[in-house]
Amino acid sequence: MKNNSKHLGLVTKKFNDFFLVDLKNQENSGNSEKFLCKVKKSINFKDQLIYVGDEVVIECIDLKGKRALITSLKKRKNLLIRPSVANLSNIYVIFSVEEPELNLSQVNRFLIAAESMGVEVSLVLTKCDLISDMRRFSLLDKFGKWGYQAITLNLKKSNYFNNLLAELKQKECSIFMGPSGVGKTTLLNMIIPGLQNSTAPVSNKIKRGKNTTRNVELFSISNQSYIVDTPGFNMQPLEVDIRLLPNLYKEIYRQVFDDEIKCKFRNCLHLNDEGCNINKSFERYSFYKEMIESSKSHYYQNQED
């Protein structure tokens, strides 16, 4: 039995020429209908590919066989390149405070890479059972000055992540980003019942985890809320226009847009620029300078090529 009506769907998995699509706008996402779909042969999406997270229109629905055809691709808000996921609303940067040891320069690069996506960015600190409360409060204060209200977790106690889970259920489409061995897969196993991705212990020699996840897939965690399971997602390659980099640092953004501090020149990079009025006493300024200089070198090298 086929239904010729049109329905809005969400691509939750992609394999070969097939797509697994959830029907959207259903009252109970836990019982949402899933259809195995192919793109209608007569449809040309102007050489656009369809990715997990894309919204599509499906027709020719076979209710019994759970199959349908994709006939239209909705305009996407954003696209993460590796892994390929569309329409993210939130990125959660995950770091452990120990094993592996917290590397502030690395945390900064992950946060800036996430900010460059133009979505809401949050910081989650795992393995907090390995540090004292004094150290935990010190980290909360530090990252608060960076502009992030860090969420601290103890993955050995499930009640520690209840607030995080409640928050995720209010978001549209979230993804975890962070280095290996910090507990991303363990977190996903706790959030998505039955997922049970195999986790590998952190290597004692190199203090890194071994990824075992394979496919990019969206999992529903509440009505119209999804989380992305990714194959070893570490960090998006950071290719940001040097002129936009200052806006990705909350300490600079607050001064320019909230405090309305004006520099002499609109394109001020806040280094040793003439007439720069930005307060440079914030902790991440050394990271900022390093990224600006690196971006400038990359820019001029490309100009010469």
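Laboratory data are not the source of any read-out in this text; all were calculated from the coordinates shown. Please read these numbers as outputs of a predicted model, since none were measured by experiment. So basically every Cβ, Gly included, is an ideal-geometry build from the backbone, and we count neighbours across all protein chains shown.
Between His7 and Ile58, the built amide H atoms are under 5 Å apart, and every one of these is 5 or more places off in sequence or on another chain.
Where does the charge balance sit around Leu36 when Lys and Arg score +1, Asp and Glu -1, over other residues with C-beta under 13 Å from its C-beta? Don't jump to the answer; show the numbers that get you there.
Details: positive: Lys13, Lys14, Lys34, Lys38, Lys64, Lys66, Arg67; negative: Asp17, Asp22, Glu33, Asp62.
With Lys, Arg at +1 and Asp, Glu at -1, the net is +3.
Under 20 Å of direct C-alpha separation, and excluding same-chain neighbours fewer than eight residues apart, Lys262 reaches these lysines: Lys250, Lys280, Lys289. Count Lys and Arg as plus one, Asp and Glu as minus one, and take only other residues whose Cβ is under 10 Å from that of Ser116; the net charge is then -3.
What does the charge add up to near Ile278, with Lys and Arg as +1, Asp and Glu as -1, over the other residues with Cβ less than 14 Å from its Cβ? Summing Lys/Arg as +1 and Asp/Glu as -1 gives +2. Amide H contacts of Lys74: Glu55, Val56, Val57, each under 5 Å away and 5 or more positions distant or on a separate chain (H built 1.01 Å from N in the peptide plane; Pro and chain starts excluded). Go through region 184-189 residue by residue and turn each phi into a ³J(HN,Hα) via Karplus (6.51, -1.76, 1.60, θ = phi - 60°); whole Hz please, and just put x for glycine and proline. Once θ is set to phi - 60°, the couplings for region 184-189 become 4, 5, 4, 4, 4, 5 Hz.
Close amide H partners of Ser84, meaning residues 5 or more places away or on another chain with modelled amide H under 5 Å apart, do not exist here. Please identify every one of the trypsin sites (Lys or Arg not before Pro) in region 73-131 that sits in a loop by DSSP and has no more than 13 other beta carbons within 10 Å of its own beta carbon. Passing both the DSSP loop test and the Cβ count: Lys75. Pairs from the list Lys24/Lys64; Lys157/Lys184; Lys66/Lys171; Lys38/Lys64 with a Cα-Cα gap above 24 Å: Lys66/Lys171. For region 108-122, putting each phi into the Karplus relation 6.51 cos²θ - 1.76 cosθ + 1.60 with θ = phi - 60° gives couplings of 4, 5, 5, 5, 5, 4, 5, 4, 5, 7, x, 10, 6, 10, 10 Hz, in residue order, rounded to whole numbers and with x for Gly and Pro.
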